[in-house]
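S.K.: Below is the structure I would like to discuss, written out as structure tokens.
What follows is calculated from the coordinates using simple rules that are stated; it is not laboratory data. Every value quoted in this text rests on a predicted model; they were computed, and no experiment measured them. Cβ: placed from backbone, ideal geometry, glycine included. Neighbour counts: every protein chain shown.
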Amino acid sequence: MKTIIVGITGASGAVLGERLVRFLLEGGHEVHAILSPSGVSVFREELGIGLGSSHAEIRKNFLKHYKNPKRLFVAAADDFAARISSGSAPVDAMVIAPCSMSTVGAIAHGVTLNLIHRVASVSIKEKRTLILVPRESPLSPIHLKNLLALSEIGVHIVPATTAFYHKPKTALEIVDFTVGRVLDLLKVEHRLFKRWREGEGE
């Protein structure tokens, strides 16, 4: 069992974070979720899931969405004293999905405005696996420079794109390809898509 922190920001693509949390929990892993205020808004706009405004409401409704599993914890975005904000917390990896470009910029420049930024900074200094799933198009030179700076220090950049060799037929199959690539980096087994030439003879 792994302990994974999942940050959900205000970029379009809330379903990426929602599906990632779902599959990690189904795999028996422990998940600590952090939703930024904009992430909560996008959850409502794109998924039709109202989580509320106070942390108590957000925590209650997020847990309820996943049938209140014991392995899911929800930290407040403004709680810099949360247990996971410390490098001493036993954490295997962090994923930010979707990851807004403002979050990318903050992390790339060491700016800590919320708990997502703080935990990402801790992940870097502790040399833990950090995966960002940026969802923006087109990318400006500033976006590219920030992503390159993070990639050069070992942060995994997994853009919310898809392949088509597995012949996706639904939007969720397209989403799950990206989620599956994240799970690959986390070394978490899954069957979310058919791999290239899978099942064919050598």
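S.K.: Report whether or not A33 is out of contact with any Gly (no Cβ under 6 Å at 6 or more places or on another chain), aliphatic (A, V, I, L, M) and either surrounded by fewer than 17 Cβ atoms within 10 Å (Cβ to Cβ) or farther than 21 Å from F80 by Cα (or both). Break it down into steps so the answer makes sense when it comes.
M.R.: Values: out of contact with any Gly (no Cβ under 6 Å at 6 or more places or on another chain): yes; aliphatic (A, V, I, L, M): yes; either surrounded by fewer than 17 Cβ atoms within 10 Å (Cβ to Cβ) or farther than 21 Å from F80 by Cα (or both): no.
It is false that A33 is out of contact with any Gly (no Cβ under 6 Å at 6 or more places or on another chain), aliphatic (A, V, I, L, M) and either surrounded by fewer than 17 Cβ atoms within 10 Å (Cβ to Cβ) or farther than 21 Å from F80 by Cα (or both).
S.K.: Just to verify a result, which residue in the range 152-202, among those that are of a type in the set (S, T, N, Q) and surrounded by 10 or more Cβ atoms within 10 Å (Cβ to Cβ), is farthest from A120 (Cα to Cα)?
M.R.: If we take residues in the range 152-202 being of a type in the set (S, T, N, Q) and surrounded by 10 or more Cβ atoms within 10 Å (Cβ to Cβ), then T162 is farthest from A120 (Cα to Cα).
S.K.: Sticking with this structure for a sec: Spot the failing condition for E136; the list is (1) in contact (Cβ under 8 Å) with a residue 60 or more places away in the chain; (2) within 27 Å of T3 (Cβ to Cβ), and only one is missed.
M.R.: (2)
S.K.: Another question, then. Do we have V111 as aliphatic (A, V, I, L, M), under 30 Å from S86 (Cβ atoms) and touching a Lys or Arg at 6+ places or on another chain (Cβ under 9 Å) here?
M.R.: Values: aliphatic (A, V, I, L, M): yes; under 30 Å from S86 (Cβ atoms): yes; touching a Lys or Arg at 6+ places or on another chain (Cβ under 9 Å): no.
Here the answer is no, as V111 does not meet what is asked.
S.K.: Okay, moving on. Among the numbered criteria (1) part of a loop (DSSP other than H, G, I, E, B); (2) without any contact (Cβ under 8 Å) to a residue 24 or more places away in the chain, which single criterion is violated by K194?
M.R.: Only one criterion in (1) part of a loop (DSSP other than H, G, I, E, B); (2) without any contact (Cβ under 8 Å) to a residue 24 or more places away in the chain is unmet by K194, namely (2).
S.K.: Also, I was wondering about something else. Can you name every residue in the range 166-177 that is out of contact with any helix residue (DSSP H, G or I) (no Cβ under 6 Å at 6 or more places or on another chain) and assigned to a helix (DSSP H, G or I)?
M.R.: Residues of the range 166-177 out of contact with any helix residue (DSSP H, G or I) (no Cβ under 6 Å at 6 or more places or on another chain): 166-167, 169-174, 176-177.
Within the range 166-177, A171, L172, E173, I174, D176, F177 meet the criteria.
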